[in-house]
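Step one of this worksheet: look at the structure below.
The values are calculated or read from the model by the stated rules, or taken from the named source; none is laboratory data. These figures come from a predicted structure and were not determined experimentally. With ideal geometry, Cβ positions are generated from the backbone for all residues, glycine too; neighbour counts draw on all protein chains shown. For the accessible areas, the whole protein counts, side chains as well, though only heavy atoms, and no ligand, DNA or RNA atoms are used. Shrake-Rupley method; radii C 1.70, N 1.55, O 1.52, S 1.80 Å.
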Amino acid sequence: MKRIYILIFLCFMGYQGNSQSCDELMESIKANNYGTTYSSYTSEAISKVTFYEVMIDYQTYYFAIVCFKSEYSYNCSEYLYQVASNTKLNYSLNYLDSAGKAFWKYIQPYNKNLDCAPDFE
């Protein structure tokens, strides 16, 4: 059932076969929606996480874009996760203690939903 919702979302966002990449999907979400960003200045790995709620035909989809710090520059690498409705709340309550632990507990379990995130295992 989850795959059907993802396909509906991809169709809504202008998916055209296999030509739309994760980067294009992420850019479309960022360009067409407002996000809530949680910055992690003291984390060694996570620069920030931005959460988006996207409404399509009365169905809400939840996404997190995680920006991992780069070892050799001030830039970060962004990855897209489709997450649960309570992920934003859970992350926001825990990221100040440890952004890394909050990421592993509340965001990383969703890394296979879109296959747009690294597999750290």
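For the range 18-110, what does the accessible surface come to per residue with a 1.4 Å probe? Please give it in Å².
Values: 5710 Å² over 93 residues.
With all protein chains present, the range 18-110 gives 61 Å² per residue.
One-quarter of the Cα convex hull surface for the range 18-110, in nm²?
Answer in nm², one decimal: 6.8.
For the range 51-121, applying the loop criterion from DSSP together with a ceiling of 13 other beta carbons within 10 Å to the trypsin sites (Lys or Arg not before Pro) yields LYS112. The length gained by stretching the chain between TYR72 and LEU96 to full extension, at 0.36 nm per residue less their Cα-Cα distance, is 6.2 nm. Please compute the net charge surrounding ASN94, taking Lys and Arg as +1 and Asp and Glu as -1 over other residues with Cβ under 13 Å from its Cβ. Computed value for this residue: +2. Exposure check, 1.4 Å probe, all protein chains in place: ASP97 carries approximately 140 Å² of accessible surface. Carbon-plus-sulfur accessible fraction, the range 18-110 (probe radius 1.4 Å, protein heavy atoms only): 47%.
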